[in-house]
Each structure stands twice: as structure tokens, then as C-alpha cells.
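The next block holds one structure in the form of C-alpha cells; read it before the comments.
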Amino acid sequence: MTHKLTPGTAALLTIPPLLWAGNAVVGRLVHELVPPITLNFLRWVLAFALLLPLAHRVLRADSPLWPHWRRYAVLGLLGVGCYNALQYLALQTSTPINVTLVGSSMPVWMLGIGALCFGAPVTRRQLAGALLSVCGVLVVLSRGEWAQLLALRLVPGDLFMLLATAAWAFYSWLLVRTSEPAGLRGDWAGFLMAQLVFGLGWSGLFAGGEWAAGRTQVAWGLPLMAALLFIAVGPAILAYRCWGAGVQRAGPAIAGFFNNLTPLFAALLSAAFLGEAPHLYHGAAFVLIVGGIVVSSRRG
């Protein structure tokens, strides 16, 4: 299938990295108020409640979801359960710079999984775009000083993030390489609810493991409630809606490059909300990342 990147599609694929960067900043602000995997579970519980008025029909006995439950169980496992749980697990033993660096391999995973598992061809333009985009992420992570990258040391958490990135790449390919049942085609709320029904179970299972380990303290209050509302509406519902629509329009290989905007947006949002001033290297990184998107999406 030939995909074309239009301005509207580019806008759709830019919104999720912005919201996911906001999710990282909010997660840092409330990290002492709630255990990380419990935070993920709570946000999906709230997202489920918010989607229920729009997509309650998906839960009926005659819903088109149930004959295709295996597909949505896998999508829920990869996109709602595994990716976020593995990312939070990574942050338990690894540093944010290591985790983000491993996550910057997303374009490579998109191209590799597409070629190996879905028979998608890889072009020289896509490889060149992947190199440019990853270089842009490295500029952000190194803060313009390459010596910082040389000081990195891999730990078990980096493996968790590697698995998380692979899970998200596979999830994105499944969005376009498997067909929707007639009753859910074109229904974004129903499609997300179909994933969430199973994803909520997976994320609850992972949260149960965290509780069994003794991490059960939650400091309820206005700050945590405001954070939950934001991450449920933005990074959960809106970001997944835009990502799904953008991937179906542009294809997973091109969409994967937009994921590398996340660390750049995170740096800018940190400057706005955490008092970390932006620098010239942020502009250089933006040029490289966007350059990778443009090069990879051009037709030969």
C-alpha cells in the first residue's frame, strides 16, 4: 500500500508526541504521589469511564467486538498494557536519558518489524530518514555534548524499554494490517473501547503485581486528580485516537518517525513547567527530526 504524508496527517501524528511528552512531565510532577504502574492503571480506568457514554454499545452481547476478541486482546496487551507497564518498569532501574535513548530506536523497529513480520519494503529514503531522526534525538539527549552519550551504561531497565518500543511498533503495524469488523469501522470511540476492554484487564493485572510487591500508597488529593484527568483525556484517549488515525493514513513506517518528536517536546515542556531553559541544540534537534520525517515520506 502506498501512503502519502499530507499536512493534515502530519498534524494528527504530531499531537500524540506532544501529549506523551506532557504525560512524562506530569508523571514526574506526581511520581511521589502514586506508584507508576498504578498510575497507568488509574488513568485507563478513568479513560474507560469517559469513553463509556460514547462507546457503551461495544460492550453489548451482540457487539462486533466479540467475534474478533483475539485481535483486540492483542492490541490491548501491546498498546495499553505492555508498552506503558514496560516503560514504567524501565524507569525503576534505568535513568530517563537511557530510557529515552532506547525509545529513539522506534523508526528502526517500525521498519524492521514491518519488513520481517508484514512484508513491508524498506527504502533507502526511509533508512536515511531514520538516521537523521535518530541523530536529532541524540542531540537532545546529549544536550549538545556528545561526551554525555559516551558515559551511558546499559542496565536491565534498558531491556524493558527495548521490549516496550518493539511492542509499540508491533501494535502500530497491527492497526493497519488487520481489518476492522464492519460494526467498528469508522467508529473511533468504539475502536478504542474495544482495545481498552482488554487493555484495562492487562494493566490491572500488572498493577496487581505492583500491589503484591507492597507498593500501595496513593496520596489522593487535587494534584493527583488533576493529573489523572489530563493523562486520561490527553495521552490516553486523544493521543491514541490521533495516532490510530495517523497510522492508518500514513503507514506505520512514516508514523514511527513522529514518535521521535517526544523527547524534543518533553524538553520544551520541561522548560515551561519545570524551569529548565531551552537551548540552541533544541532547535538543531528539531531540524534533524523533521528532516528525517520529510526525507522518509518523500516518494522516489
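Any read-out appearing in this document is the output of simple, stated calculations on the displayed coordinates, not a laboratory observation. Everything quoted here is computed from the prediction, not taken from an experiment. Cβ placement follows ideal geometry from the backbone for every residue including glycine, while neighbour counts extend to all protein chains displayed.
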Exercise. Kindly put VAL108, VAL80, VAL218 in sequence by how many other C-beta atoms sit within 10 Å of each C-beta, fewest to most.
Key: VAL218, VAL108, VAL80
Quiz item: How would you rank PHE265, PHE258, going from fewest to most other Cβ atoms within 10 Å of each one's own Cβ?
Solution: PHE265, PHE258
